[in-house]
């Protein structure tokens with residue numbers, strides 16, 4: 001059985017949530033749970049933290065089980081990647097990531113939070129890898145191709161809540177690893193990107209239940225080309241927002257920089273939500289080429305927020321252009 | 001013999017792509033591979049066309065001049081495939097969108113103009129046209145340098161972040177145009193002096 005998240009599910013979810021809501025009135029305590037996240041860093045012995053689930057709202061969107069859905073083949077999703085750290089060719093990440101060391105891997109969480117620290121990636125998972133939640137998300141690249149991929153992980157907000165963001169925190173910045181000796185694309189002289197790769201979300205976006213801390217795809221964690229050992233997945237945004245190889249998460253008050261936005265602000269907005277009617281200056285975003293497998297490609301219309309509008313549109317009020 | 005070699009060499013990339021397409025060896029996104037490779041080979045052969053007179057000069061082998069038309073027609077064929085692949089795979093023959101893309105996206109305009117020049121050159125590549133156009137024919141076919149310039153810009157505008165290859169191609173085009181300019185000047189001073 002797999003866990004999926006898409007529009008039809010969401011509608012069903014609303015119905016189920018309503019029914020469950022009635023049933024749960026008498027037992028509100030079931031909405032709370034205790035999460036564990038152990039810290040290895042000496043300065044942050046946050047070995048047991050209580051995570052309080054945010055109050056459920058109608059806009060809350062959690063994935064639920066659904067019958068099988070067509071997904072992209074693992075070969076396609078692991079041999080057609082954008083990870084400029086390994087090179088700009090789609091085949092580079094699979095071919096040129098052989099030297100990449102995925103363990104040990106620690107993630108420093110700092111900035112405006114009460115329990116900063118450096119955590120081992122295995123502790124961030126919270127459970128053994130094979131017990132992580134699996135979610136099937138539509139993944140939409142800014143280059144107008146898309147795939148359907150099963151991700152293994154847990155909601156990002158579980159991790160963020162555990163370090164207790166301060167009231168003043170408004171943004172969450174993500175920093176990727178900098179290892180030019182293991183990542184040939186970072187050593188390239190012709191790249192106009194600054195390394196390490198940085199990205200950021202508003203705290204509200206990062207705490208959204210769809211934002212997914214990801215430790216593997218297709219049940220496989222040994223895939224640097226897909227951003228492992230630790231990335232985030234944000235299905236309603238263009239793929240480059242879903243930062244790979246994360247080594248640092250920082251809570252800030254000011255809007256942090258984002259690599260593609262810095263490189264070319266005219267072409268890549270800071271929010272980078274999927275809006276089919278707002279074109280990239282060099283190509284249209286109205287349609288996408290859905291890659292199902294090698295040479296198995298269908299053209300289809302793109303959807304606002306990549307099909308997750310019901311779940312996330314409430315985060316973006318007013319003129320859409322400012323959230324491009 | 002040389003003619004056979006020239007056509008064989010020019011046809012090789014196309015045959016490899018064709019074989020790759022049918023054997024599923026063009027990667028995860030073969031459509032994109034076709035668009036990309038047909039464009040790159042258009043450019044490669046275009047550079048060969050521009051290099052031929054220079055090499056003919058260096059090697060004192062004037063026969064080479066004769067193969068400009070053959071290679072030039074291959075350039076036109078690759079460019080036409082490139083354009084057809086683009087319309088088929090990226091636009092799905094939505095020609096209304098082609099108009100829109102041409103209006104809004106400069107890299108397509110540059111590529112399209114380069115292709116129009118190649119069309120004009122291919123259409124006038126026979127003896128009858130040479131006889132009919134006379135002096136104008138030479139001027140028309142000098143536009144190949146403009147096509148190369150447009151192609152270089154077309155490529156540069158495509159790049160998302162790695163400018164290495166596109167920059168190299170643009171550099172070669174600039175060198176070739178400069179070389180042509182110097183050649184004409186030398187010839188003129190030789191004639192006038």
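Scanning the range A:173-192 for residues that are surrounded by fewer than 21 Cβ atoms within 10 Å (Cβ to Cβ) and assigned to a helix (DSSP H, G or I) yields A:184, A:187.
Would you point out the residue of the range B:156-193, among those that are touching a residue at least 40 places away in the same chain (Cβ under 8 Å) and within 14 Å of chain A (Cβ to nearest Cβ), that is surrounded by the most Cβ atoms within 10 Å (Cβ to Cβ)? Out of the qualifying residues, it is B:169. In the set (1) closer than 16 Å to residue A:230 by Cβ; (2) within 14 Å of chain B (Cβ to nearest Cβ), the condition left unmet by residue A:82 is number (1).
Listed here are the residues, each with its yes/no results for (1) within 14 Å of another protein chain (Cβ to nearest Cβ); (2) out of contact with any strand residue (DSSP E or B) (no Cβ under 6 Å at 6 or more places or on another chain); (3) over 14 Å from residue A:228 (Cα atoms); (4) at pLDDT 95 or above.
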{"site": "A:61", "(1), (2), (3), (4)": "no, yes, yes, no"}
{"site": "A:76", "(1), (2), (3), (4)": "yes, no, yes, yes"}
{"site": "A:90", "(1), (2), (3), (4)": "yes, yes, yes, no"}
{"site": "A:98", "(1), (2), (3), (4)": "no, yes, no, yes"}
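Looking at the range A:300-313, is at least one residue over 22 Å from residue A:169 (Cβ atoms), in contact with a strand residue (DSSP E or B) (Cβ under 6 Å, 6 or more places away or on another chain), assigned to a strand (DSSP E or B) and within 14 Å of chain B (Cβ to nearest Cβ)? Yes, the range A:300-313 contains at least one residue that is over 22 Å from residue A:169 (Cβ atoms), in contact with a strand residue (DSSP E or B) (Cβ under 6 Å, 6 or more places away or on another chain), assigned to a strand (DSSP E or B) and within 14 Å of chain B (Cβ to nearest Cβ).
When you scan the range A:281-297, do you find a residue that is crowded, with 17+ Cβ neighbours inside 10 Å and closer than 17 Å to residue A:200 by Cα, even just one? No, there is no match, as no residue in the range A:281-297 is crowded, with 17+ Cβ neighbours inside 10 Å and closer than 17 Å to residue A:200 by Cα.
For every residue, the table says whether it meets (1) at pLDDT below 95; (2) in a strand (DSSP E or B); (3) within 11 Å of the chain's Cα centre (by Cα).
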| position | (1), (2), (3) |
| --- | --- |
| A:194 | yes, no, no |
| A:210 | no, no, yes |
| A:213 | no, yes, yes |
| A:229 | no, no, no |
| A:235 | no, no, yes |
| A:244 | no, no, yes |
| A:248 | no, yes, no |
| A:251 | no, yes, no |
| A:271 | no, no, no |
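Among the residues of the range B:109-155, just one is in contact (Cβ under 8 Å) with a residue 12 or more places away in the chain and more than 17 Å from the chain's Cα centre (by Cα), namely B:137. Residue B:80 meets all of the listed conditions (1) over 22 Å from residue B:184 (Cα atoms); (2) in contact with a helix residue (DSSP H, G or I) (Cβ under 6 Å, 6 or more places away or on another chain); (3) in contact (Cβ under 8 Å) with a residue 24 or more places away in the chain but one, namely (2).
A single entry from A:262, A:317 fulfils the requirement of being surrounded by fewer than 19 Cβ atoms within 10 Å (Cβ to Cβ) and within 14 Å of chain B (Cβ to nearest Cβ): A:262. Picking from residues in the range B:122-140 that are part of a helix (DSSP H, G or I) and in contact with a helix residue (DSSP H, G or I) (Cβ under 6 Å, 6 or more places away or on another chain), the one that is farthest from residue A:187 (Cα to Cα) is B:130. The one condition from (1) modelled with pLDDT of 90 or more; (2) within 18 Å of the chain's Cα centre (by Cα) that residue B:158 does not meet is (1).
Considering only the range B:12-113, give the helices (runs of 4 or more DSSP H) lying wholly within it that have at least 2 residues that are over 30 Å from residue A:281 (Cβ atoms) and away from chain A (no Cβ under 12 Å). Steps first, answer last, please.
Values: elements: B:30-59, B:68-85, B:95-104.
Filter on the range B:12-113 gives B:30-59, B:68-85.
Between A:229, A:281, A:276, the distinction of being within 14 Å of another protein chain (Cβ to nearest Cβ) and in contact with a helix residue (DSSP H, G or I) (Cβ under 7 Å, 6 or more places away or on another chain) belongs to A:276 only. Exactly one residue out of B:111, B:92, B:99 is surrounded by 17 or more Cβ atoms within 10 Å (Cβ to Cβ) and under 30 Å from residue A:290 (Cα atoms): that is B:111.
Which of the numbered conditions does residue A:284 fail, given that it passes all the others? Conditions: (1) under 30 Å from residue A:168 (Cβ atoms); (2) in contact (Cβ under 8 Å) with a residue 40 or more places away in the chain. Failed condition: (1).
The values are calculated or read from the model by the stated rules, or taken from the named source; none is laboratory data. Every value quoted in this text rests on a predicted model; they were computed, and no experiment measured them. Note that we place each Cβ from the backbone using ideal geometry, even for glycine, and neighbour counts take in every protein chain shown.
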